[in-house]
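The values are calculated or read from the model by the stated rules, or taken from the named source; none is laboratory data. Only a predicted model underlies this, so the values are computations on that prediction, with no experimental measurement involved. When we count neighbours, we look across all protein chains shown, and the Cβ atoms used for this are built from the backbone with ideal geometry, even at glycine.
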Amino acid sequence: MPIDHKRINGPEITIPYQLFDKLNTKSGKSQFKDFVKSNGVRIDGRSANDHRKIFLKTGVVSQAKGSAYIELDKTKVIVSVFNPREIPNKSEYSSKGEIYCEFKYAPFSCHKRRLHQQDPEELQYSAIMKQALESAVSRHEFPNFQVDIYALVLHNDGAALSAAITVAGVALAHAGIPMYDLITSVTLAVQGEFVLVDPNLEEERLCQVPLFKDEQNTNHGIVVLSMLATHEQVSQFYQTGNLAMDNLTSAIETLTNAAKDIVVLVKKCLVRHVIKSARNVED
Amino acid sequence: MSSEDLLVCLPGQRLCLSDHTHVSGQGTYERQGYIYSTLAGTVDIVDKDNVKIIEVHTSGKQTLVPSQGDIVTAQIHTITQQFCKCHIKCIGDKVLGRHYRGILRREDVRVTEKDRVEIYKSFRPGDVILARVLPITEAHTYQLSTAENELGVVTAHSEHGHLMVPISWTEMQCSKTFVKEARKVAKVVPESVQQGLNEN
Amino acid sequence: MSEQYKILHPVKYYRDYLAHNIRPDGREFDKYRPIVVNLGSISTADGSAIAKVGRTTVVCGIKAELCQSKAEAANEGFLIPNVELPPLCSSKFRPGPPTEQAQVATQLVADILKNSECLDLKSLCIFPDKLAWCLFADLICLDLDGSLIDACMIALMAALKSVRLPVIDYDPALDNKQANLEHRKPLNITNIPSSTTFAKFDDKIVMDPTVDEEDLSTALITIALRKNELCFVHKPGGASVTDEQLLKCIDESQKRAIVIEGIVETALRSLQ
C-alpha cells in the first residue's frame with residue numbers, strides 16, 4: 001500500500017488483539033440460537049418485529065445548513081447537509097440539481113479498524129443513499145447546483161445504512177431543502193424462517209451466510225428498504241443473500257410497517273424543531 | 001402570532017385541495033389535485049384577488065439560489081478591461097449561506113454609450129454593488145447587469161481606505177481626503193420603493 | 001440589517017463590537033466558552049471521548065492493535081494521533097485527502113503529546129523487539145467553530161485516560177499470544193496537557209476564538225501546558241505580539257489548564 005504522506009502512519013503491520021482471544025468454537029448455528037430463541041425472542045428481549053429504541057436530534061452541527069443525529073441503541077450516525085453549491089467539473093446547464101452523498105465509517109466505529117479512505121463498501125452505501133434520497137428531494141428548485149450530504153457512522157452496531165438514510169432525510173428537512181416527502185429506511189435480516197427487523201451487528205453478521213442448509217431453507221441475507229411516508233412509495237430497495245420469491249412480499253410488508261412506525265418519530269422531532277425556532281424568533 | 005397557534009407542517013404533508021380559490025405558492029407543490037408542503041415550517045395563507053395562495057416558510061434560513069431577474073448585492077473582487085468578477089452575497093434583503101460567482105460585462109454596465117464604458121472608471125475591487133441577474137446561459141457563473149439607474153455601486157472605499165459618498169451618478173468623493181473617484185453609482189431609493197422593485 | 005452588514009463588511013462589523021469591549025457572541029475578551037466532556041460512549045473503541053468547546057466538537061476514538069516494535073526503539077510501543085477534518089464539520093472542506101489545516105493540527109497534537117511525556121511509550125511494550133501495542137488515536141472534528149487544537153487535546157487526553165487494554169500472555173519461545181479480554185488495565189497517564197488558543201485582532205487579544213474570529217484575526221497563538229510548565233507554543237506568523245501580551249496569554253492559559261484538568265477528572269470519575 002502506498003504511504004499516506006498527509007497523515008501519521010503507524011507500523012506497517014498491526015493485528016487486532018481480538019484475534020488472540022480464546023477460540024470461539026461454537027458453530028454459526030448455535031451462535032444464532034444464542035441470539036434468537038426458537039420463539040423469536042432476541043437476546044436483548046425484543047421480538048422479531050421490534051425496532052430498537054431511537055433517539056433523534058436536529059441541529060447538532062452549527063457550521064452546516066442542516067444536521068441531525070440518530071441513535072439506534074448503540075448505532076450512532078451523524079449527518080450534515082450544506083447549501084447548494086456549484087457542481088464541480090461540469091460545464092453544461094442541467095435543469096435539475098444534483099445531490100452528493102458520502103457515507104463513511106469512523107476508523108474506530110467497527111470491530112476492525114477502518115481506513116481513512118472510503119472503501120468499496122462505503123462507496124456502495126454512498127450510492128444507495130444517493131439513490132434513496134434523490135426521489136425525495138425537489139431537485140428542480142436548485143438547477144445547476146449540488147447539495148452535499150455527509151454521513152459519518154460513529155459507532156456501528158448494525159443497520160447503519162438505514163439509520164443514515166433516515167437521519168439524512170431529517171437533516172435535509174432541517175436544512176430547508178425542498179422535499180416532496182419525508183423518508184424513512186429500515187433494515188431486515190433474514191436467516192431461515194427468522195425475519196429480524198433492525199438487526200444489531202451480530203445478527204447482521206450471522207445472517208450473511210446460510211446456517212440452516214440441512215432444513216432445505218436457504219433464505220438468508222440483508223434487505224434494506226426506504227419509503228416516502230405520505231405517498232407510500234418505495235424509493236430504494238437493496239437485498240443481498242438469498243430470498244425465496246414467496247418470502248419477498250411478506251418481507252416488504254414487514255419493512256413498510258416498520259418504516260411507518262419510524263415516521264412518527266421523525267415527525268415529532270421536526271415539529272419540535274419548527275416550534276422551537278418559532279419561539280426563538282418571538283423572543 | 002404566538003407559537004401556540006402556528007400552523008406547523010412537514011415535507012410531504014397534504015395541506016388542502018387545489019382548486020381555483022386555493023393556489024400552490026412558495027414552498028409547496030401540487031400533485032393529483034392536492035397541495036403538499038415541501039418544507040418543515042409554518043403555513044401562511046395569502047389572500048390576493050379572492051384567491052388564497054398557500055405558502056410555507058421554513059423555520060430556519062431559506063435555501064435560496066439566485067435566479068433570473070433577481071436584484072442581488074455583490075462584492076467586486078477582480079476587474080479587467082472587459083469585465084469584472086464578483087461574489088453574490090445577498091438576494092434582495094436575504095443573506096445567502098454561501099456566496100455565488102457573478103460576472104459583469106463591460107456592455108452591461110450602463111444603458112447609454114455602452115461602447116465608451118471603461119470598467120476601471122465604473123468599479124474597483126472591494127466595491128459593493130446592486131445588480132440584476134440576467135438570463136442564465138453558462139453553468140457556473142451568473143451574468144449580472146447594472147444598466148439601470150437604481151443599480152451600481154452602493155458603498156465604496158477610496159484609495160486611502162476611507163468611505164466615499166456619492167456626489168453624482170458617475171462620481172464619488174472620499175469622506176476624509178475629498179478626492180473624487182469615478183464610479184457607476186446607484187441611485188439609492190427608499191426601502192418601500194426598493195421592495196416594489198424586487199417584486200417585479 | 002446587521003446580518004447584511006456582517007457579510008459585506010465583516011472586519012468593520014467585528015471592530016464595532018470590540019470597540020465596546022465585547023465580542024459578537026456576548027463574551028468578554030478573556031472569557032472562554034463552556035467545556036463539556038463525555039467519556040466511553042463508543043464501545044467498539046478501546047477508549048473514547050467527545051469534547052465540546054463551545055460549539056466546536058471533537059470525538060476521539062482509540063483502537064489498540066498488536067505490532068512489532070521498531071528496530072531503533074525495541075522496547076517502545078506506538079501512539080499514533082491523527083486529526084481528521086471531514087467535510088461534515090464545515091462548509092470550508094471538500095471530500096478528498098486531508099487539508100493543510102488538518103495536517104497542521106495532526107502535527108501539533110503529536111508534538112504536544114511528545115513534549116508533555118504524558119504517556120511513556122515504553123509502557124506499551126509487551127515483549128522487547130517482538131510485541132508491542134500500537135494505539136491509533138483518531139480525532140474527528142464534527143463541528144468546527146474555532147480553537148480546534150484545544151478541543152482535540154481535551155478529547156485525546158480524556159480518551160487516553162479511559163483506555164483499558166487487555167492483558168496479553170506472550171510466549172516468546174513459541175511466538176504464541178493469548179489475549180485475556182476479561183482482565184483489562186488502564187494506561188499510566190502521568191499528566192494531562194491542555195492547550196489554549198488566542199487570536200489577535202488590531203491590538204486586542206481574545207481568548208478561545210470562534211471560527212469567525214479566527215478568520216478575521218491577524219495572528220493566532222496556541223499555548224500548550226502540562227501542569228505549570230510550557231510544553232508547546234505555536235504562533236504561525238501573522239502580526240507581532242508584545243512580550244506583555246504573550247506573558248498575559250500564558251498566564252490565562254495556566255488558569256484554564258487547571259479548569260480543564262478538573263473537567264476531565266470529573267468526567268472520568270463519573271465513568272467509574
Kindly state which strands (runs of 3 or more DSSP E) lie completely within region B:83-171 and contain at least 1 residues that are small (G, A, S) and free of Cβ contacts under 8 Å to residues at least 60 places away in the same chain. B:94-105, B:142-145, B:152-155
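Could you pull out every one of the strands (runs of 3 or more DSSP E) wholly within region A:193-283 that has 2 or more residues that are in contact with a strand residue (DSSP E or B) (Cβ under 6 Å, 6 or more places away or on another chain) and of a type in the set (S, T, Y)?
Strands (runs of 3 or more DSSP E) meeting the threshold: A:233-242.
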Residue hits (region A:235-260; among the β-branched types (V, I, T) and touching a residue at least 12 places away in the same chain (Cβ under 8 Å)) are A:T240, A:I252, A:T254, A:T256
Kindly check whether there is at least one residue in region A:91-107 that is over 25 Å from A:L211 (Cβ atoms), of a type in the set (S, T, N, Q), in contact with a helix residue (DSSP H, G or I) (Cβ under 8 Å, 6 or more places away or on another chain) and surrounded by fewer than 16 Cβ atoms within 10 Å (Cβ to Cβ). yes
Number of the condition not met by C:Q101 [criteria: (1) assigned to a strand (DSSP E or B); (2) surrounded by fewer than 23 Cβ atoms within 10 Å (Cβ to Cβ); (3) of a type outside the set (G, A, S); (4) more than 10 Å from chain A (Cβ to nearest Cβ)]: (1)
Could you identify the single residue in C:A137, C:A132 that is closer than 30 Å to A:S67 by Cα, touching a residue at least 40 places away in the same chain (Cβ under 8 Å), in contact with a strand residue (DSSP E or B) (Cβ under 8 Å, 6 or more places away or on another chain) and surrounded by 14 or more Cβ atoms within 10 Å (Cβ to Cβ)? C:A137
State whether one or more residues within region A:139-151 are closer than 19 Å to A:C269 by Cβ and either of a type in the set (D, E, K, R) or at pLDDT 95 or above (or both). yes
Can you say whether B:G41 is in contact with a Cys (Cβ under 8 Å, 6 or more places away or on another chain), buried (at least 16 other Cβ atoms within 10 Å of the Cβ) and under 24 Å from B:M172 (Cβ atoms), as far as the supplied structure shows? no
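If we scan region B:31-44, do we find a residue that is more than 27 Å from the chain's Cα centre (by Cα) and more than 13 Å from chain A (Cβ to nearest Cβ)?
Yes, region B:31-44 has at least one match.
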Determine whether A:S38 is part of a helix (DSSP H, G or I), hydroxyl-bearing (S, T, Y) and free of Cβ contacts under 8 Å to residues at least 24 places away in the same chain. no
Here are the criteria: (1) closer than 20 Å to A:L228 by Cβ; (2) without any contact (Cβ under 8 Å) to a residue 12 or more places away in the chain; (3) acidic (D, E). Tell me which single one B:D5 does not satisfy. (1)
Take the residues in region C:61-77 that are touching a Pro at 6+ places or on another chain (Cβ under 6 Å) and within 7 Å of chain A (Cβ to nearest Cβ); name whichever of them is farthest from C:N188 (Cα to Cα). C:C67
Can you find, within region C:89-98, the residue that is farthest from the other protein chains (Cβ to nearest Cβ) among those that are crowded, with 17+ Cβ neighbours inside 10 Å and not in a helix (DSSP H, G or I)? C:F93
Are there strands (runs of 3 or more DSSP E) fully within region C:125-191 with at least 3 residues that are at pLDDT 95 or above and either over 28 Å from the mean Cα position of the chain (by Cα) or within 13 Å of chain A (Cβ to nearest Cβ) (or both)? List them. C:131-143
How many residues, within region A:134-175, are more than 14 Å from chain C (Cβ to nearest Cβ) and in a helix (DSSP H, G or I)? 14
Could you check region A:66-116 for strands (runs of 3 or more DSSP E) lying wholly inside it with 1 or more residues that are farther than 26 Å from A:F145 by Cβ and more than 11 Å from chain C (Cβ to nearest Cβ)? A:66-72
Does region B:54-65 include one or more residues that are within 14 Å of chain A (Cβ to nearest Cβ), within 22 Å of A:F82 (Cα to Cα), assigned to a strand (DSSP E or B) and touching a helix residue (DSSP H, G or I) at 6+ places or on another chain (Cβ under 6 Å)? no
Just one of A:E203, A:E122 is within 14 Å of chain C (Cβ to nearest Cβ) and not aliphatic (A, V, I, L, M); which is it? A:E122
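If we scan region C:204-215, do we find a residue that is assigned to a loop (DSSP other than H, G, I, E, B), surrounded by 15 or more Cβ atoms within 10 Å (Cβ to Cβ) and over 20 Å from the mean Cα position of the chain (by Cα)? Let's see the steps before the verdict.
As a first pass, look at region C:204-215 and keep what is assigned to a loop (DSSP other than H, G, I, E, B): C:208-210.
Checking which are surrounded by 15 or more Cβ atoms within 10 Å (Cβ to Cβ) leaves us with C:208-210.
From what's left, over 20 Å from the mean Cα position of the chain (by Cα): none.
No, that holds for no residue.
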Go through region C:105-129 and count every residue that is within 30 Å of A:C101 (Cβ to Cβ) and free of Cβ contacts under 8 Å to residues at least 40 places away in the same chain. 1
Just checking, does region C:107-114 include any residue being under 25 Å from C:S253 (Cβ atoms) and away from chain A (no Cβ under 12 Å)? yes
